[in-house]
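Worksheet: the structure to be examined is printed underneath.
Bear in mind these aren't lab numbers, they're just calculated from the coordinates by the rules spelled out. A quick note: this is a predicted structure, and the numbers were derived from the prediction, not measured. Neighbour counts run over all protein chains shown; Cβ positions are idealised from the backbone, glycine included.
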Amino acid sequence: DGDGKDEGKAAGGAGGAEKFPAGELKIYFGSQTGTAEGFANVLKEDGRRMGFDAQVIDLEDFEGDELIDGEKAIFLMATHGEGEPTDNAMEFFRWLDEKVEEGDSCLSNLNVAIFGLGNTQYEFFNAAGRRCRKTLLELGAAECYEHGEGDDDNQLEDDFENWKTGLWPSLVHKFHPDGASGAGTAGSLSPPELDFELKFLDAAKSATTKPRRFRETEVVSSAKHYFGYDVGTVRIVENTELRSPEDSGSTKHIEVDLKGSGQSYQTADNAYVIPQNNPAVVSAVAAAMGWNLDQPFLIEARASDFKHFIPTPCTVRTALTNYVDLMGLPKRATLQGLACFAKDDAEQQRLAHLASMDGAEEMHQFIQHEGRSLAELLTVHFQSCDVPLAHFLHFVPRLAPRAYTISSSSSVQSSKLAMTVSVVGQAYADGRTFTGVATGYMQHLPVGAEMQLYVRASTFRLPRDTATPVILVGPGTGIAPMRAMLQEREYLKGRGRTLGKTMLYFGCKNRKLDYLYQELLEGYVKSGVLDSLRLAFSREQKQKVYVQHLIREDADLLWDLIGNQGAHIYVCGATNMGADVLAAVKEIAAAKGGVDGEKYAQDMQHNGRYVAELWSA
Ligand SMILES: Cc1cc2nc3c(=O)[nH]c(=O)nc-3n(C[C@H](O)[C@H](O)[C@H](O)COP(=O)(O)OP(=O)(O)OC[C@H]3O[C@@H](n4cnc5c(N)ncnc54)[C@H](O)[C@@H]3O)c2cc1C
Ligand SMILES: Cc1cc2nc3c(=O)[nH]c(=O)nc-3n(C[C@H](O)[C@H](O)[C@H](O)COP(=O)(O)O)c2cc1C
């Protein structure tokens with residue numbers, strides 16, 4: 001069978017009381033982009049080594065009774081949106097709230113440990129983790145280990161690592177005191193047991209390269225889109241450059257035809273693009289690992305509760321192209337995974353060191369600061385790593401969908417959606433370059449090419465009463481939802497609706513280089529869709545000017561719109577810009593309206609009058 005290089009033959013995953021004397025431990029995760037899920041898998045492996053029958057549960061698959069009957073559980077909770085839970089945790093929070101409302105103390109037998117994932121750049125830091133803790137405790141659960149919080153603006157992985165250092169001794173002490181001395185250690189160099197088997201298939205039989213059909217219940221919820229659930233195939237109908245040829249960067253206006261995709265959208269929703277790895281990177285990794293790209297393989301469950309995370313049969317090429325994050329900066333768990341399979345002692349020690357807290361500084365420098373992807377580690381720095389494909393697929397993070405705010409109006413073009421995509425690129429002093437995975441993939445897709453995406457609701461919704469003034473703040477790629485809402489306002493105006501005052505704050509480096517949609521925006525001013533187009537060209541004068549400066553300059557006018565006319569404010573783009581704009585609005589409310597700026601802004605957010613969608617740039 002196949003090249004016989006890897007059969008993934010580890011012992012079965014299920015275990016009984018002898019193997020796991022510390023009993024069942026459920027590890028729940030609320031995750032949007034995979035980090036919390038990755039941490040959950042790390043804890044699962046640690047836990048199993050320590051004698052716990054650890055199971056990872058996507059909160060999307062959460063069942064209340066299971067929690068009520070459980071003895072101990074860990075929660076890894078990311079915060080998204082503006083202080084909101086992740087999509088997969090929404091139902092879980094609804095359940096908690098209902099139980100609290102009923103005055104229930106149904107979790108009085110449950111011991112919990114909670115770690116929140118957040119980012120201090122956002123206003124509501126770690127809101128979901130805190131809310132989770134508060135409600136679990138209200139329902140009677142006892143905290144068996146200190147609440148942890150990680151900051152993705154700094155060293156989230158270190159925060160998690162520090163938190164879990166004390167976690168296991170606490171849990172072992174409480175639930176498995178006899179085994180305290182004999183328990184295995186977390187972070188060992190022996191490969192974990194897998195709960196699936198990877199079988200290579202006969203390449204001559206073409207049927208072996210087509211995945212079988214999977215029921216939704218058979219697959220990992222966060223990988224559903226790989227299996228064709230909630231995702232559609234769309235066709236590129238436009239892919240044009242928005243910047244001047246003189247600019248070193250690139251921003252693409254990409255339109256896709258949704259016909260037949262099963263996807264639909266509302267103005268300024270989010271499109272999640274399913275990216276593919278660059279074929280050259282895929283080939284280089286396969287060559288370094290000695291894998292034949294055309295080799296088909298199959299994944300078979302070993303444990304009854306196993307959930308498939310990629311659709312098989314498929315070829316090695318398909319797996320490396322679509323399902324694994326080869327270009328991301330490897331996390332500790334990946335470095336630890338590689339260390340298990342490095343044949344060269346020095347390489348193994350270095351990898352284990354980089355994965356440990358002792359090697360934290362070196363890891364930050366070598367991986368994060370100097371920007372080294374998993375692909376680079378395998379092809380250049382740690383060539384002795386000989387990872388069986390099964391383990392590779394198990395420990396390398398999945399290639400995640402990327403969000404793009406839709407920059408078109410569904411009233412104007414319901415079956416075609418537009419995205420405004422800034423191509424991510426970086427050049428290092430030593431000559432290495434990095435191109436973002438999804439933006440690099442989309443950058444050169446020709447008209448007619450197909451790609452996959454799904455749509456999710458955003459919080460950008462124009463006021464129902466079109467006469468309500470709107471203040472749009474969208475510098476750089478943050479222009480995307482503003483373009484969509486302006487297109488929508490133009491449509492409404494065309495249908496005879498009265499528009500309230502409409503202001504747009506846009507910013508970029510230089511009007512000649514990266515003034516996105518210049519013609520369109522200036523056209524909106526001429527046609528009266530836009531009353532005011534305020535432009536901040538940061539590099540056209542000595543002192544940098546940004547949108548937040550213009551907002552402060554316009555304090556009187558803005559307060560009239562906000563305080564007297566009930567204007568709605570929409571902000572999109574980088575997190576630090578968003579924080580500055582919010583601060584400016586609070587200042588204006590205090591200075592011009594004589595109100596408590598903090599409280600005023602909070603009320604605006606609460607009433608949907610201040611809407612921001614921000615991402616770190
Ligand atoms: C709600 C939301 C809406 C968004 N809307 C838009 C939008 O309208 N338009 C838009 O352009 N973007 C938007 N984004 C951002 C978008 O989702 C992507 O994050 C962005 O396009 C980068 O994706 P990528 O795959 O090209 O880059 P990635 O490959 O994911 O890289 C992203 C960053 O990670 C780091 N990095 C990762 N790997 C390496 C490496 N090997 N070496 C060095 N650095 C590395 C770098 O800092 C790099 O800039 C939005 C994000 C969110 C959350
Ligand atoms: C669009 C977006 C919104 C976010 N909003 C918040 C927030 O309001 N508060 C916070 O503390 N962190 C916020 N974060 C940071 C995430 O919680 C953090 O990056 C976390 O590691 C993501 O975990 P995940 O990959 O499991 O989803 C946000 C991140 C993104 C991308």
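If amide hydrogens are placed 1.01 Å from N in the peptide plane, which non-local residues have theirs closer than 5 Å to the one on Glu149?
The answer is Gly116.
Given 0.36 nm per residue, what is the gain on full extension from Ala449 to Asp560 after removing their alpha carbon distance, in nm?
Extending this stretch completely gives an extra 35.1 nm.
Counting Lys and Arg as +1 and Asp and Glu as -1, what is the net charge of the other residues whose Cβ lies under 15 Å from the Cβ of Ser414?
-2
With θ set to phi - 60°, apply the Karplus curve 6.51 cos²θ - 1.76 cosθ + 1.60 along the stretch 380-395 and write out the HN-Hα couplings as whole Hz, x wherever there is a Gly or Pro.
Calculated HN-Hα couplings, in order: 10, 9, 10, 6, 7, 5, 10, 8, x, 3, 4, 5, 4, 5, 6, 9 Hz.
Beyond a 30 Å Cα-Cα separation, which of these cross-linked pairs lie in this structure: Lys72/Lys307; Lys26/Lys259; Lys19/Lys164; Lys501/Lys586; Lys205/Lys307?
Table pairs above 30 Å Cα-Cα are Lys26/Lys259.
Apply the Karplus parameterisation 6.51 cos²θ - 1.76 cosθ + 1.60, with θ equal to phi minus 60°, to every residue of the stretch 349-355 and state each ³J(HN,Hα) to the nearest whole Hz, in sequence, with x for glycine and proline.
5, 5, 4, 5, 5, 4, 7
Could you work out the relative contact order of the stretch 24-179, using alpha carbon pairs under 8 angstrom and six or more residues apart, expressed as a whole percent? Could you put the intermediate results ahead of the total?
Details: 294 pairs, mean separation 34.4, N = 156.
22 percent.
Given Cα pairs under 8 Å that are at least 6 residues apart, what percent is the relative contact order of the chain?
Relative contact order here is 13 percent.
Can you give the net charge of the other residues whose Cβ lies under 13 Å from the Cβ of Leu516, counting K and R as +1 and D and E as -1? Mind dumping the intermediate values first?
Details: positive: Arg243, Lys252, Arg483, Lys509, Arg511, Lys512; negative: Glu241, Asp247, Asp514, Glu519, Glu522.
Local net charge: +1.
Please sort by residue number the trypsin sites (Lys or Arg not before Pro) in the stretch 233-272 whose DSSP state is loop and whose Cβ has at most 16 other Cβ atoms within 10 Å.
Answer by residue number: Lys259.
Between Phe196 and residues 5 or more places away or on another chain, which pairs have amide H atoms under 5 Å apart, with H built 1.01 Å from N, and which residues are they?
When sequence neighbours closer than 5 places are left aside, the close amide H contacts are Arg302.
Evaluate the distance, in nm, between pseudo-label points positioned 7 Å from the Cα of His364 and of Ser105 along their respective Cα→Cβ axes.
For His364 paired with Ser105, the spin-label model returns 4.4 nm.
Can you work out the PRE-style zone for Arg461? Point 7 Å along Cα to Cβ, and I want the residues of the stretch 253-276 with backbone N under 20 Å.
264-272
Output wanted: per-residue J couplings in Hz (rounded whole) for the stretch 267-284, from phi through Karplus 6.51 cos²θ - 1.76 cosθ + 1.60, θ = phi - 60°, x for Gly and Pro.
Karplus-based 3J(HN,Hα) across the stretch 267-284 equals 2, 6, 5, 10, 9, 9, 8, 8, x, 10, 6, 4, x, 5, 5, 4, 5, 5 Hz.
Nearest 0.05, what FRET efficiency do Glu519 and Thr120 give at R0 = 30 Å with Cβ-Cβ as r? Show your work: numbers first, answer last.
Values: r = 39 Å, r/R0 = 1.30.
E(calc), rounded to 0.05, equals 0.15.
So what's the net charge close to Leu530: Lys and Arg +1, Asp and Glu -1, counting the other residues with Cβ under 12 Å from its Cβ? Present the calculation step by step, with values, prior to reporting the outcome.
On the way: positive: Arg483, Arg489, Lys493, Lys501, Lys526, Arg534; negative: Glu490, Glu522, Asp531.
With Lys, Arg at +1 and Asp, Glu at -1, the net is +3.
Test of the criteria: in the stretch 380-438, which chymotrypsin sites (Phe, Trp or Tyr not before Pro) are in a DSSP loop and have at most 10 other Cβ atoms within 10 angstrom of their Cβ?
none
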